[in-house]
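The values are calculated or read from the model by the stated rules, or taken from the named source; none is laboratory data. Just so it is clear, the structure is predicted and the values come from calculations on it, not from any experiment. Because the Cβ atoms are built from the backbone with ideal geometry, glycine has one as well, and the counts that use them run over all protein chains shown. When the accessible area is computed, the model is the full protein with side chains, heavy atoms only, and any ligands, DNA or RNA have been set aside. Shrake-Rupley method; radii C 1.70, N 1.55, O 1.52, S 1.80 Å.
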Amino acid sequence: MTRRAAKASPAPHTTVVVLRLYVAGDAPNSLQAIANLEAICAEHLKGGHRLEVVDILEDPRRAMAEGVLVTPSLNKLLPLPATQVVGNLSDKKRVLLALGITPHVA
Amino acid sequence: METDIGTSKAAPHPLPKLPTGIEGFDHLSHGGFPRHRTSLVIGGPGAGKTVFALQCLVNAARQHGAPGIFVAFEESSSQIIANGNTFDWSLSSLTPEKLFIMDAHLSPTLITAGDFDLVGMLAMLAAKQQEIGAQWIVFDGIDVLLALLQDPAAEVRELYRLRDWLAASALTAILTAKTGSAPNFGFLQFMVDCVVRLERHQEDRISVQTLQIEKYRGSGYAAAEFPLSFGPSGIEVDATKAPDIGHKASMQRISAGFERLDAMLGGGVFRGSSTLITGVPGTSKTTLAGKFIEAACQRGERSLFVSFDEGAEQIMRNLSSVGIALKAHVKSGLLRMHSARTEGISAEDHLLQISALIREHRPQCMVIDPLTAIAKSGALGAARTVANRLIYRIKDEDISLMVTALSEAEGLGGEATDLQVSTIADTWIHLSYLVRGGERNRALTIVKSRGTAHSNQVRELILSDAGPSLSDVYTAGGEVLMGTLRWEKEAEESAKQTRHRAEFEHKRRELRLAEANTSAQIKALQLDLERQRAALTLSSGEDSLHTTSSNLRESELRKRRGADPARASTKKHANGAAK
């Protein structure tokens, strides 16, 4: 466990992970997604990331233009390839998979 | 239209509806989809759900200037546009302000990590609605979206969310979903006010498409299945009018083609009536139909000639050989000739095609030759209903119709009865062959003619370059004679008459002769008589002389013998006998 964490920690420093999370105001799923993502980032990215949270209720046109369909929706813009995860991010394993992060616990 | 929204909600007025612009559907649904409410279009793959929904939006935008939003879950917007461009909608020319297609095609590689909802999407759509002033919205393939939720409870939750959002949005909405695909299908049907089912099934290797309204809250509707097809303008539903029998019964008669036939029919056929001509191949059904159309054109009436599996040019050439000239009428625009192939086209498609022709040309008289062609492809059951509906449709339009039908065998059987057209047709003319004496001759019979004291007699139909005509037939010994046999019979009859006349003359002469003879005999006899009278006079003179002398002699004797006078006569008698 510790060995893996040590191995993973340099990654965020070399490659910055750019994330954008689309939420819909204070809808339960959206609030949950923010909390879940913050926890994941704190645990696995150690600050080596940039996260932007877009509230669709405030800027629906932008979300439309950026191809968002359902909320909450997380886009990993960098590193490439770009991936998209929808849902409240409660399924941590799948979130990590989508973000290209090797989980600490298999 | 916009001002009466408030009042229609308050008063118990009929449900306000928005026409879809799909003529047949608007009739069936008595005006279209319920305004500001949600309708569901369900059906299997390829049943036309997407086209149906998209067509509603295109029509709303084009015909009523009402903008719409199309949310595509199943296909990408470019696919939708490409499909839409196969119709004459000029979809690409509709600006996103009139028709906004939202690409909601969810990528198959999309990762779901936990529960999600439609809050964001609905917020985006609300913004779009405000932006373009949308009045319609379509969620195409709502089942695809719901399937992603992977949780029946979540599905119901989102459906409720959607319903509430739609209710508050003042949008007229159409949801489409594949039949039975969503686990909450029952709920989906419950939450909407109107359910339309599109179906595609195979009948005798021909795919038949139908539309049926399954539910319409607060409104009457035609509940039956109606055929649907894809024309150049998109979906066409075959139900342009309420399917009831409301034909006006005209008392006006028009020519069935030519005088003798009209005479047999008691003055022609009624305007707006239907005439069925049956017969085996080659009995000149087309000729009669052609004559009917020519007569119509000569009266200056717009006419339509629909032929199957025989080109218009060919028909006109063939008809001109029997003195029926249609070309000039085609040129003047009075007559429209339409020939269609039957292979691989379902009966419903024929119906829609013919309906479109009627709409375009507005004929007063029309011919379908042969009607039985529609039964060639596809199922008989379908063809039967189509044939019936076609005839009723044409009657509704008050068009005088003549259809021909092929019968496979001699007699009144065959396809015409298969299609059961004979029961709907007002007049039924049957053509047959009579083979006798090495000849085939055409016989015409009027099997029925409603409201008409028609002739019951069989007539011989004769074709010449002056057109068809009818001739009386001979019935001899219970058999009908035609053609050469009729001619022979006619010749025989006239010979017989000549012979009769000659015989009569002869007899008269004989009688005269006999009369002359008799009078000659009378004369001779009279001469004889006179001669005999003369002789008699002479002989009676001699006798008196003789009597006197013998009397004298007798009295002499008496005197001498002294006999008594009383016995004298007896004695004299006895003496006479002894002599």
(request) Give the interface area between chains A and B as buried accessible surface, both sides summed, probe 1.4 Å, in Å² to the nearest 100. (result) 2000 Å²
(message) Please give the Cα centre distance for the stretch B:353-371 versus the stretch B:147-173, rounded to the nearest Å.
(response) 46 Å
(request) Run through the DSSP bridge list for the protein assembly as shown and note the antiparallel percent, rounded to the nearest 5. (result) 45 percent
(request) Output the antiparallel fraction of DSSP beta bridges having both residues in chain B, as a percent to the nearest 5. (result) 45 percent
(request) Output the pairs from A:Lys46/A:Lys93; B:Lys17/B:Lys98; B:Lys496/B:Lys523; B:Lys291/B:Lys496; B:Lys285/B:Lys489; A:Lys93/B:Lys178 with a Cα-Cα distance over 29 Å in this structure; if there are none, say none. (result) B:Lys496/B:Lys523; B:Lys291/B:Lys496; A:Lys93/B:Lys178
(message) Whole-Hz ³J(HN,Hα) for each residue in the stretch B:457-463, computed from phi via Karplus 6.51 cos²θ - 1.76 cosθ + 1.60 with θ = phi - 60°, x for glycine and proline: what do you get?
(response) 8, 7, 10, 8, 9, 10, 9
(request) Decide, for the stretch B:17-237, between rounded, prolate and oblate: order the square roots of the alpha carbon gyration tensor eigenvalues as a ≥ b ≥ c, take rounded if a/c falls under 1.5, and otherwise choose prolate if a/b is larger than b/c, else oblate. (result) rounded
(request) Would you mind checking which residues have amide H under 5 Å from A:Val53's amide H? H placed 1.01 Å from N; only 5 or more apart, or other chain. (result) A:Leu21
(message) Restricting to DSSP loop positions (anything but H, G, I, E, B) with no more than 12 other Cβ atoms inside 10 Å of their own Cβ, which GluC sites (Glu not before Pro) remain in the stretch B:290-343?
(response) B:Glu343
(request) Determine the residues within the stretch A:44-84 where the difference in accessible area between the chain on its own and the full set of protein chains amounts to at least 10 Å²; count protein heavy atoms only and use a 1.4 Å probe. (result) A:Ile56, A:Leu57, A:Pro60, A:Arg61, A:Met64, A:Val68, A:Leu69, A:Val70, A:Thr71, A:Gln84
(message) Could you tell me how far the Cα centroid of the stretch A:31-63 sits from the Cα centroid of the stretch B:256-305, in Å?
(response) 80 Å
(request) Report, in debye and to the nearest 20, how large the dipole of the protein assembly as shown comes out about its Cα centre when Lys and Arg carry +1 and Asp and Glu carry -1 on their Cβ. (result) 3520 debye
(request) Compare each residue of the stretch B:125-141 in its chain alone against the assembly with all protein chains, and report those whose accessible area goes down by 30 Å² or more; 1.4 Å probe, heavy atoms. (result) B:Ala127, B:Glu131
(message) Given a 1.4 Å probe and heavy atoms of the protein chains only, how would you sort B:Lys285, A:Lys46, largest accessible area at the top?
(response) A:Lys46, B:Lys285
(request) Treating the angle as unsigned and between 0 and 90°, give the value, to the nearest 10°, between the Cα long axis of helix B:49-64 and the longest Cα principal axis of chain B. (result) 90 degrees
(message) If you roll a 1.4 angstrom probe over the protein chains with everything in place, what fraction of the accessible area of the stretch B:270-325 belongs to carbon and sulfur, to the nearest %?
(response) 50 percent
(message) Taking a ≥ b ≥ c as the square roots of the Cα gyration tensor eigenvalues, with a/c under 1.5 meaning rounded and otherwise prolate when a/b beats b/c, else oblate, which class fits the stretch B:264-375?
(response) rounded
(request) Enumerate the amide H contacts of B:Ala443 below 5 Å, restricted to partners 5 or more residues apart or on another chain; note that Pro and chain-start residues carry no placed amide H. (result) B:Ser432, B:Tyr433, B:Leu434, B:Leu461
(message) Given a 1.4 angstrom probe, what's the average accessible area per residue across the protein assembly as shown, in square angstrom?
(response) 49 Å²
(request) Pop out the ³J(HN,Hα) list for the stretch B:491-502 in order, Karplus 6.51 cos²θ - 1.76 cosθ + 1.60 with θ = phi - 60°, rounded to Hz; leave Gly and Pro as x. (result) 4, 4, 4, 6, 4, 4, 5, 4, 4, 4, 4, 4
